[in-house]
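Data block below; observations after.
The values are calculated or read from the model by the stated rules, or taken from the named source; none is laboratory data. None of these values were measured; they are calculated from a predicted model. Cβ: placed from backbone, ideal geometry, glycine included. Neighbour counts: every protein chain shown. Heavy atoms of the whole protein, side chains included, go into the accessibility calculation; ligands, DNA and RNA do not. Shrake-Rupley method; radii C 1.70, N 1.55, O 1.52, S 1.80 Å.
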Amino acid sequence: MGVLRSTQSLEAEVDELRAALLAGGWRRSAGHADAKRAPRGDAGGAAARAVCVTGGISFVGFAVVDRLLRHGYTVRLALETQEDMDKLREMEMFGEDGRDGGVSTVMANVMDPDGLRRAFDGCAGVFHTSAFVDPGGMSGYTKHMAALEAQAAERVIEACVRTESVRKCVFTSSLLACVWRQDYPHDRRCPTTIDESCWSDESFCRDNKEEATYCDASFFQLWFALGKTAAEKAAWRAARGRDLKLVTICPALVTGPGFRRRNSTASIAYLKAGARAMLADGLLATANVETVAEAHVHAYEAMGDNTAGGRYICYDHVVKRPEEFAELERQLGLPGGAAPAPAHGSDDRPARFELCKRKLSRLMSSRRRCAYDTYYSVAFEV
């Protein structure tokens, strides 16, 4: 969703986007024919390679667009604000009609079903990467934002279902939609595995809403986790029994080149959603934005032969040491606090939980094993 920025911040982001586009080989090219409308079931022709991306100039959305272009897709960006459109025009990568050789743009608010249908018309698939963010960063993702996120998710899926050409949708959720429950077992010799079958408890997220300073390890806000959980569940409800293939990607904290500048509000909201408790329990993880983008596109392509379906947890590295967490805080300009307990405790007992990305690993590389990270010194590439 749109976020108000200072002129200086906007100019810096425009310069960074332009540099990334050029580095990725995205060039202006003359002439572009719109993908023709294709009825459901017709997988041939240009329409099968035409997709629409919501939130396409967000940190994750931009990486997904870049990956789609590399895979030969024609991409339509659904932009929500004039500011987003102006940003693209300032990059001088598009013509006056907002069109490049492989990319076109259209204005569409995710709360407007009719506008979404017009944006999706003629596309075979939709990538819903758009999300509500807190313009103030530290002021907090609110209960109202969580409700809006769920409403938007439902409307996007309804628009997909009601658009004749759309057959598939990849929905960007979050690892936060998997990890927050009250009834996980506490006293076990082996850690509880957190995988795609796990859902965060909305009631638990709703109850843990105390207003507190960021550094207070005893209290935290879970509105962001609630919003991600409610939105993903709304998407699945809306798609159930309908003529639409749906996959959801649940990434950990998304990092990568420029994440401090381009993804700070989402990163801060993620860390405010009980990051210290997640660290202590072995649940705080990061995912490079390129990994997340590749997961989106790979899942989309695998949906064609029904080898992909359901949810996919996505992460590269589990943060296990307090100094790594402190470095994340520092890079995001957050105030430091008392070092949280390490995931493995003082008596060398294992963490209560262990993240598993076996399902995504199988999809991406056909390796049939659960990938658990060993500690290594990590740079988050701000």
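Between their Cα atoms, which of 87/357; 87/359; 168/228; 272/357; 233/320; 87/320 are more than 27 Å away from each other? Write out the running numbers ahead of the final one.
Numbers: 87/357 36 Å; 87/359 37 Å; 168/228 20 Å; 272/357 24 Å; 233/320 29 Å; 87/320 38 Å.
Pairs exceeding the cut-off: 87/357; 87/359; 233/320; 87/320.
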Given a 1.4 Å probe and the protein chains all in place, what does the accessible area of residue 167 round to, in Å² to the nearest 10?
50 Å²
Per residue of the stretch 239-244, what does 6.51 cos²θ - 1.76 cosθ + 1.60 with θ = phi - 60° give for ³J(HN,Hα)? Whole Hz please, x for Gly and Pro, Karplus curve as stated.
8, 4, x, 9, 7, 8
Label points 7 Å out from Cα along the Cβ direction at residue 326 and residue 302: separation in nm?
3.9 nm
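Find how much the distance from residue 142 to residue 204 grows on full extension, using 0.36 nm per residue of separation minus their present alpha carbon separation; answer in nm with one decimal.
Working: separation 62, 0.36 × 62 = 22.32 nm, distance 1.55 nm.
The residue 142-residue 204 span can extend by a further 20.8 nm.
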Leaving ligands, DNA and RNA out of it, work out the accessible area of residue 245 with a 1.4 Å probe and give it in Å² to the nearest 10.
80 Å²
Considering only protein heavy atoms and a probe of 1.4 Å, how much of the accessible area of the stretch 247-321 is carbon and sulfur, as a whole percent?
46 percent
